[in-house]
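Just so it is clear, none of the values below were taken in a lab; they were calculated from the coordinates. The shown structure was predicted, so the numbers you read here are calculated from the model rather than taken from an experiment. Backbone-built Cβ (ideal geometry, glycine too); neighbour counts: all protein chains shown.
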Amino acid sequence: MSDIVEALERLLAMQPERQVDEALDLLDRLPPVHDEAWNSRFGAGSLFDAWSRTSIARGVHAALAEAIRPVVQRPGFVAVEVGAGNGRTWSDAWRGGERGTVVAVDPVPEAIEQLAAVLPQGVELVRQHARVEDIDLPDADLVVCSMTLHHLAGRSAAERAQHGFTGPGKREVLERFGAALRARGGVGLLVEADVDCELHLAPGDPALRDNILDSYVRRCARSILDDLATRSPPPELARAWRGLLQHWFLEQVRVADVPRAERDVYELTRGQWLDLLDEAGLVCEEARAADDRGLFVLYRFRPR
Ligand SMILES: C[S@@+](CC[C@H](N)C(=O)[O-])C[C@H]1O[C@@H](n2cnc3c(N)ncnc32)[C@H](O)[C@@H]1O
């Protein structure tokens, strides 16, 4: 069996135009290591837990906590968390003594329970076990949507319809964020990777393959390889990070070839997100790199 760390270092040293073919060859040679899919488990010992301990995820969560903190200091705040994950976005946001409400929207109950575990006593949790595109949102001082909206295919309902999908797209959901923030003069925080793998790119398109490899392997996997080399992780964490390298990052290259409905990641570049925020009637006050690799961008916005 090829060692995943050595194999990825070899791949990343190759000419960029050879890397997608090498990644696909490598996947054929490697035995499967894990069956825990992205966003399927969130507790201690999950791959998601290991992901949230990488430098990239820590950078994103630190940037979010810094932006959340001033809002939750206001007594009686209402915050909406879209896509709870393992609650790490929120665990460092508290100074103590906050009083308010967090409405958590996530179709996976386990994710909301992870968030429940990191809320202070004075903060009430309202559980919304649903996909964000299927529900109405309450008036809020803060809407946080980190690494989640890319699960929804299509920039708009119209783009979805072109590809046989029904229902709202990203723009319509962003419009709802604006409507939820308007009454209380609230602020929205969106975090997404800077990469185009949206519906307009067809399965097997070389640009889609390269974009996915660039994001998941050249930037994310590169950062985790550096974490392994420099941060001396304990053996269990090192083992989980190696699992991530193969199962969540290298294997993601295959997503470029599956039918559009199975792609599950429909990300946009920073320029495309900025256009979309504008089209949704939102003013972007800040768009800044949330991690040291420039992969994720934190957008702070308000309704126009
Ligand atoms: C990659 S995790 C991000 C978690 C967290 N926001 C963070 O930044 O670490 C994506 C989360 O979104 C949830 N999710 C996926 N599709 C969703 C949808 N349509 N509406 C709401 N949540 C969704 C998943 O269950 C998961 O908890």
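Side notes on the structure shown:
- Computed from phi, the 3J(HN,Hα) profile of the range 43-48 under the Karplus parametrisation 6.51, -1.76, 1.60 (θ = phi - 60°) reads x, 4, x, 7, 5, 5 Hz, with x in place of Gly and Pro.
- Taking the Cα centre of the range 179-304 as reference, the dipole from Cβ charges on Lys and Arg (+1) and Asp and Glu (-1) amounts to some 400 debye.
- Across the range 210-276, Cα pairs under 8 Å and at least six residues apart give a relative contact order of 40 percent.
- Each residue in His151, His61, His129 was given a count of other beta-carbon atoms within 10 angstrom of its own, and listing them fewest first yields His129, His151, His61.
- DSSP H segments from the chain that extend 15 Å or more along their own axis, Cα-based, with Kyte-Doolittle mean of 0.5 or above: 55-72
- With all pairs of different C-alpha atoms in the average, the Kirkwood value for the hydrodynamic radius of the chain is 19.9 Å.
- Tensor-based shape of the range 151-202 (alpha-carbon gyration tensor, a/c under 1.5 rounded, otherwise prolate or oblate): oblate
- Here the chain is assigned +1 on the Cβ of each Lys and Arg and -1 on the Cβ of each Asp and Glu. Its dipole about the Cα centre then comes out at about 820 debye.
- Counting other Cβ atoms within 10 Å as a rough exposure proxy, the listed residues Met147, Met14 run Met14, Met147 from fewest neighbours to most.
- Along the range 140-156 the Karplus relation, 6.51 cos²θ - 1.76 cosθ + 1.60 evaluated at θ = phi - 60°, assigns HN-Hα couplings of 8, 7, 8, 10, 10, 9, 10, 6, 10, 5, 5, 6, 8, 6, x, 6, 8 Hz to successive residues, with x for each Gly and Pro.
- Neighbour counting of Cβ atoms within 10 Å sorts the residues Glu98, Glu36, fewest neighbours leading, into Glu36, Glu98.
- Between Asp291 and Phe296, the built amide H atoms are under 5 Å apart, and every one of these is 5 or more places off in sequence or on another chain.
- The range 163-301: C-alpha gyration tensor shape, a/c 1.5 cut-off, then a/b vs b/c: oblate
- Average Cα contact separation per residue, the chain, under 8 Å, 6 or more apart, as relative contact order %: 20
- Once you divide the Cα radius of gyration of the range 39-196 by 2.2 N^0.38 Å, the number left is 1.02.
- Among Thr269, Leu228, Ala287 the positive-end extreme of the charge dipole of the range 224-304 (Cβ point charges): Leu228
- Modelled FRET efficiency - R0 35 Å, Asp205 with Glu286, Cβ distances, 0.05 increments: 0.65
- Local electrostatic count, Ala104, Cβ distance below 14 Å [Lys/Arg +1, Asp/Glu -1]: -2
- Mean sequence separation of contacting Cα pairs (under 8 Å, at least six apart), scaled by the length of the range 1-128, corresponds to a relative contact order of 20 percent.
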